[in-house]
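What follows is a short report on a single structure.
The values are calculated or read from the model by the stated rules, or taken from the named source; none is laboratory data. Source: prediction; values computed, not measured. Here Cβ is always computed from backbone atoms with ideal geometry, including for glycine, and neighbour counts include all displayed protein chains. Just so you know, the surface numbers come from the protein's heavy atoms only, side chains and all, with ligands and any DNA or RNA stripped out. Shrake-Rupley method; radii C 1.70, N 1.55, O 1.52, S 1.80 Å.
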Amino acid sequence: MSMNRLCSLGATQLASLIRERQVSAGEVLEAHLARIAAVNPAVNAVTVTLADSARAAAAAVDQALAAGQPLGPLAGVPFTVKENVDVQGSATTWGVKALAGQVAAADAPIVARLREAGAIPLARTNLPDFAFRWDTVSDRAGRTLNPWDATRACGGSSGGEAVALATGMTPLGIGNDLGGSLRVPAQLCGVAALKPSRGRIAHGAVTQPWPEPLAVQMTNCQGPMARRVADLRLALALACVPDSRDPRWVPAPLEGPRAEGRVRVALVRDPAGLGIAPPVRRGLDRATDWLANAGYEVVEAEPPNIAAVAGAWVDAIWADFAPLLPALQPMAGAEAMALIHRAMEEGVFKPVNQAAQQAAWMAIHQHAADWDAFLQQHPVVLAPVCCEQGWVSGEDLAQPARIAQAMRMVVPVNILGLPACALPVGRDGGLPQGVQLIGRRFREDQLLDAAQAIEGAAPAIAPIDPAQSGH
């Protein structure tokens, strides 16, 4: 299964080639449509292509270029979008059959900003029912397979995006992150993702469910996925624009003050002392060495009360989700409901009344202050994403408490509104391994700088051909 060279390049590289007229936007688009046709049947990441509208947009870019008209920074570059983010003229399904006809009349803010920069929506990608699972199995579209090992979970809920990127079907993806939904699939599939600070990227929808429950508003955010850190940086800069649909958007600068001297990095080897898989630890060790060689001061230190903060995320989310179950159950698939009921049996989710919910949010306020004080001394935290390497598909249904515990360094980022960047650090046992960098609010620039240092030393592992991975 051969891959067109264009499908191995990043968004920034493709934009440069198009701008310099070394390749046309039409050629770039057709290369990726051909790659989808060749690869997607083996992994089921793309749910629908937007070929007709994409071809028209690519032709418009080529015509503008020929006429000498100014182009946006991503002119002619295709990108894919998770099916719970609005794309005008395409269905926002949330992975469920009942919403298959819910066609968006307008783009989500992040999609609109990329279009304005000249980028072209190429296809939609799979997600679990209502985006509520750390794997990607949709009652509407089926299971998305990990391209490295079809028996392993690809992560969720932005698993379709991660697999599309890992296999060269797209150079740039848009997903979202409520509790690791960008970072977990990035780790398990060997790509990069940026979960921005709360309020950094405007969020809005013209489809249901909207507006979102309070806990979702406080924890969820849109963000880019890519194979290269430079593409995350550019996508963030383009998306960081106000939108009238989101009064929570914050006009914070993209660049903060430069650090004086070496930047201190807190290395978290085993969050809360609850255990970490050897491949994950080895990935952290590699990233530690690369950051130290790049001039960072790496010290072993742990943000305060990791387990308590993770527990507060569970309580806050569940307090808003539990009352919605009667309405969601008729629409969600059997696996999605089985996961929720099993999680309740294992005590991952437990009844949270109004008083308990209020107590959780009050505790979160203090936890946020404590973490902020820690981050003042350690501007970057190097930590695992999931503390396990990719688990066998379906294990999250059988053992949700185990998987939830492995996410204890993931969900604090969401409930505290912090930014985090996940990126690959090579392979172990034939599977990709990744780390995450966590930082202060609105200091994505520091995280991306550190990520660039790691990427510069790490071996490139994607895109890959799933045919070479036992599919």
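Entry note, segment 191-316: relative contact order of 24 percent, from Cα contacts under 8 Å with a spacing of 6+ residues.
Largest first and in whole Å, the equivalent-ellipsoid semi-axes of the chain read 31, 26, 22, each the square root of five times a Cα gyration tensor eigenvalue. For segment 1-80, the calculated P(r), taken from all Cα-Cα distances in 10 Å bins from zero up to the bin holding the longest distance, is 18, 51, 26, 5, 0 percent. How many angstrom lie between the Cα centre of segment 274-329 and the Cα centre of segment 399-467? Going from one Cα centre to the other spans 10 Å. With contacts taken as Cα pairs under 8 Å at a separation of at least 6 residues, the chain carries a relative contact order of 18 percent. Magnitude of the charge dipole for segment 273-402, about its Cα centre and with charges confined to Cβ atoms of Lys, Arg (+1) and Asp, Glu (-1), is about 180 debye. Taking a straight line from the alpha carbon of K97, these lysines sit under 26 Å away, with near neighbours fewer than eight places off in the same chain left out: K82.
Within the straight-line cut-off of under 13 Å between alpha carbons, the aspartates and glutamates reachable from K195 are D177, E444, D445, sequence neighbours fewer than 8 places apart in one chain being disregarded. In terms of packing, defined here as the mean over residues of other Cβ atoms within 10 angstrom, the peptides 382-391, 333-342 line up highest first as 382-391, 333-342. Per residue, the accessible area of segment 64-182 comes to 22 Å² when a 1.4 Å probe rolls over the protein heavy atoms.
Each residue of segment 367-380 is assigned a 3J(HN,Hα), and the resulting list reads 4, 4, 5, 5, 5, 4, 4, 4, 6, 5, 8, 10, x, 10 Hz, derived from the Karplus form 6.51 cos²θ - 1.76 cosθ + 1.60 (θ = phi - 60°), x at Gly and Pro.
Highest mean first, the peptides 23-36, 70-83 sorted by other C-beta atoms within 10 Å per residue fall in the order 70-83, 23-36. Give me the percent of DSSP beta bridges within the chain that run antiparallel, rounded to the nearest 5. Around 65 percent antiparallel, to the nearest 5. For segment 53-122, the relative contact order works out to 37 percent when only alpha carbon pairs closer than 8 Å and six or more residues apart are counted. Note on segment 27-179: Kirkwood hydrodynamic radius from all Cα pairs is 15.5 Å, rounded to one decimal.
Dimensions of segment 214-356 from C-alpha coordinates, computed as largest minus smallest value along each principal axis and given longest first, are 54, 44, 33 Å.
The accessible-area ordering, largest first, of the residues K350, K195, K97 stands as K97, K350, K195, per a 1.4 angstrom probe.
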